[in-house]
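Below you'll find the structure, written out as structure tokens, and then a few comments.
The values are calculated or read from the model by the stated rules, or taken from the named source; none is laboratory data. Bear in mind the structure is a predicted one, so any value in this text is a computation, not a measurement. Ideal geometry is used to build each Cβ from the backbone, glycine not excepted, and the neighbour counts take in all protein chains shown.
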Amino acid sequence: MLYIQEMHEGMKVAGIYLCKSRTAAVTKNGKNYDNVILMDKTGTIDAKIWEPDSAGIEEFDALEYVDVVGDVTKYNGNLQMSLKRARKAREGEYDPKEYLPTSDKNTEDMYKALLTFVDKVENPYLHKLLEKYFREDAAFAYRFKTASAAKTVHHSFIGGLLQHTLYVTNLCYYFTKYYPILNRDLLLTAAICHDIGKTVEISAFPENDYTDDGQLLGHIMIGAEMIHDTAKEIPGFPKKLESDLKHCILAHHGEYEFGSPKKPALAEALALNLADNADARLEFITELFKANMQKPDSEWFGFNRLLESNFRKTGDLNAL
């Protein structure tokens, strides 16, 4: 199987891919065509069907596996595929595991590691809140284990939310060992819960897209509401403690322009923002390096608009 990550301009492709979406469109000249997004476990590629009524294009819908033939081109700096033939693949012709991006870390091992941090929280109210989500709510635990941390950018794979949360929590725990001004129980709870709203914001794979609540509210607001609702179920949960925890969640993106409705006003909120940003950016760079493994002759990866820099490799990409 030729993975999307391995494709390059000028390549002719024949293979089976998962259709993430298919929408009809019209050119400026009034000609009908279809926009298609194909995916496998290594990524996605934009595809076009310029002749949707041609004999080589059979019926298929979004979230179906499609056997395609096409040419890889480049448009506005991004790879694109022009589909010449397409048909719905038959069962047995594909392995679903090849089409859904998954963390290379073991999910159950990561979840057990996260629970060790739950056990480190001594405050009875915060500990009970964590228990209600991560040990007592099986449906939530399943969503949390299988969710991605983003639609794109970083940790956009099955298990991504869990992996990101575990790494952020590890960083926050490290902070508490060296900076005694930090309230360990508050920071660990905030780290573990900072992205719980993403279990509602983003739909499950293979869609991995924003839900209605994700579009209207966003994971930060959803997460704060989840904390409020659960705190109400715990008798005697201190109002000040609830506000401190919600503030950490509301401020964890750090700046208004990055989606935070509040800037950090607690040391724990600032520490969480630093840990969240560090893991998100380093994972993004890791994925950037992986995407460039097919370019062994080039040390420089090209200008990245998100990072506003051209990155150069400094080690062995095969070690990733």
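Observations on the model:
- Criterion applied to Asn183, Asn170 was being polar (S, T, N, Q), out of contact with any Lys or Arg (no Cβ under 9 Å at 6 or more places or on another chain) and under 18 Å from Asp279 (Cα atoms), and the one residue passing it is Asn170.
- Of Ala47, Ala62, Ala55, Ala86, all but one fail to be in a loop (DSSP other than H, G, I, E, B) and either surrounded by 15 or more Cβ atoms within 10 Å (Cβ to Cβ) or under 24 Å from the mean Cα position of the chain (by Cα) (or both); the exception is Ala62.
- No other residue among Thr189, Thr169 is modelled with pLDDT of 95 or more, out of contact with any Phe, Trp or Tyr (no Cβ under 6 Å at 6 or more places or on another chain), assigned to a helix (DSSP H, G or I) and not aromatic (Phe, Trp, Tyr) apart from Thr189.
- Just one residue in the set Asn273, Asn304, Asn292 is at pLDDT 90 or above and not aliphatic (A, V, I, L, M); that residue is Asn273.
- Checked against (1) surrounded by fewer than 13 Cβ atoms within 10 Å (Cβ to Cβ); (2) within 22 Å of the chain's Cα centre (by Cα); (3) part of a strand (DSSP E or B), Lys74 passes all but a single condition, namely (2).
- Boolean, Glu131 is without any contact (Cβ under 8 Å) to a residue 40 or more places away in the chain, assigned to a helix (DSSP H, G or I) and surrounded by 14 or more Cβ atoms within 10 Å (Cβ to Cβ): yes
- When Ile192, Ile234 are checked against the criterion of being β-branched (Val, Ile, Thr) and either buried (at least 18 other Cβ atoms within 10 Å of the Cβ) or closer than 24 Å to Lys262 by Cα (or both), a single residue qualifies: Ile192.
- Test: Lys177 is charged (D, E, K, R), out of contact with any helix residue (DSSP H, G or I) (no Cβ under 6 Å at 6 or more places or on another chain), in the same structural domain as Leu126 (by TED's automatic domain parsing) and within 19 Å of Thr42 (Cβ to Cβ): no
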